[in-house]
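I have placed the structure first, in the form of structure tokens, so that the comments after it can refer back to it.
Each value in this text was obtained by applying a stated rule to the coordinates, not by laboratory testing. Source: prediction; values computed, not measured. Cβ sites come from the backbone with ideal geometry, for glycine too, and all protein chains shown count toward neighbours.
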Amino acid sequence: MSEYNLIDLKFTGRKMKKWYKVWNLFLAYLDLLLRREKPHADPVELSVGTTSFCNLRCIQCPREGHEGNLMPFDEHLDLAYYQSLEPYLKRAKEVSLYGLGEPMIDKRYFDKVRYVTSFGAEVSLSSNGTLMDERRCREIIESGIKSIGISLDAAREETFAVVRPPGGLPAIVENIKRLSRMKKEQGTLRPLIRLSFGIMPQNLEDLPLFPDLAAEAGGEEIIVHSVIFMSEAKRRELTTDPQKVRPAIEAARARARELGIAFCVWDLDPFTYLKSLRYVRGESEASYASSSATGRSSHGYFCFFLWRNAMIQGHGELFPCCYMTNKRLGRLQNGNLLELRGHPFLAELRRRLYEGDPPEPCAGCPQLYPYDRQNILKSGLQEMINLIRS
Ligand code: SF4
Ligand code: SF4
């Protein structure tokens, strides 16, 4: 593990410049309304890693069998690195402060949260829940993090130990209960606690039991999603029979309704990553169009990642999105993010989406939305008003 740079980032007393964010959001909606292939706005949302070390070895994790992955592994980002993001933090509304690793391993995690929030950006966290002791729970609450997502993928320890080795579900459930209890004691709604379940053949039987576990732990929202195959070997290991998946989801949904917990299904095409490998390697354009799951649409589509997000991992390396980690677009240096986001690879993707012709990695992706000008205008106006009032 590398050592941290001990620097004083002078968090306190920084003036919030909401104006930057409002202007940038306006520019971002203009990019979308004008169907620009090269954006004029900086990202409204940033996805920035913090550490890529982890203490679990989940069988579906991109870390385990991620064919063609170019995202950096096993490194910490020091605080000084975040200073280089300052111009973008000023303009971003939200920052997802995690990457391919467990953020709670990072001893300076909450310094980074404080630094990011000092620019008025909201932070969301994703954790495996193993290290949430009393001190960290307190810091999570006090830092004002907006939401925390904890992947459990099981309702019983015997299943958990198979899908998220080396196991330890009961201790994680106790940690989530602690966070939930401390939130209540402090009278705060933050962070929203989301518990997620990635469907695999190894854990399908647990899915109908999951809402009970979530309710017991104090989860406020359940996210159920398919897992992406990162290699042919993983496809063989993790393919779930669709005939069995639907009844398990419906049983879980019904139970969540009885328990009064929000229940969300992200219908992600599990082949997304493998298709992105082919797309990035530049196979024939015709094959993408012919195998597109959504087909052509006269109104077109847009993608949240391509439009308003920047996936920056390692020390400033830009990737198209969290599914195409096999395509590195360049390194962020000297404030050239706008130029990088106008990269021909991204411009081409945007063009194809706007033209209603999504290539394979995008078809079936939950980040893909139908292009509806009325809706875009309405949600843009609402978002601007909410931001100004916040
Ligand atoms: S906890 Fe997250 S980063 Fe760690 S192995 Fe599991 S899925 Fe991967
Ligand atoms: S639509 Fe395409 S570019 Fe956008 S997140 Fe999905 S796979 Fe990535």
Under 4.7 Å Cβ to Cβ, no partner at all: give me those cysteines from the chain, in residue order. 54, 137, 264, 303, 321, 322, 362, 365
With θ taken as phi - 60° and the coefficients 6.51, -1.76 and 1.60, list the Karplus ³J(HN,Hα) couplings across region 321-331 in order, rounded to whole Hz; mark glycine and proline as x. 5, 6, 9, 10, 7, 9, 10, 9, 8, x, 9
Environment charge of residue 239, counting only residues whose C-beta is closer than 13 Å and scoring Lys/Arg +1, Asp/Glu -1: 0
Would you list, by chain and number, the lysines whose Cα falls below 27 Å from the Cα of residue 244, excluding same-chain residues fewer than 8 positions away? 234, 275
In sequence order, calculated HN-Hα J values of region 50-58 (Karplus, 6.51, -1.76, 1.60; Hz; x Gly/Pro): 9, 8, 10, 8, 8, 9, 10, 9, 5
Could you identify which residue out of 123, 265, 113 has the top mean-square fluctuation in a GNM of the chain using Cα springs shorter than 10 Å? 265
At a Cα cut-off below 14 Å, give the aspartates and glutamates reachable from residue 93, other chains included and same-chain residues fewer than 8 away excluded. 42, 45, 122, 383
Theoretical gain in end-to-end length, residue 177 to residue 189 [0.36 nm per residue, Cα-Cα removed]: 2.9 nm
Using amide H atoms built in the peptide plane, which far-off residues or other-chain residues are under 5 Å from residue 151 H to H? 127, 196
List, in order, the whole-Hz ³J(HN,Hα) value for each residue of region 336-350 obtained from phi through the Karplus relation with A = 6.51, B = -1.76, C = 1.60 and θ = phi - 60°; use x for Gly and Pro. 9, 5, 4, 5, 5, 6, x, 3, x, 4, 6, 4, 5, 4, 4
Sequence-separation-based contact order of the chain, relative, with Cα cut under 8 Å and 6+ spacing, percent: 19
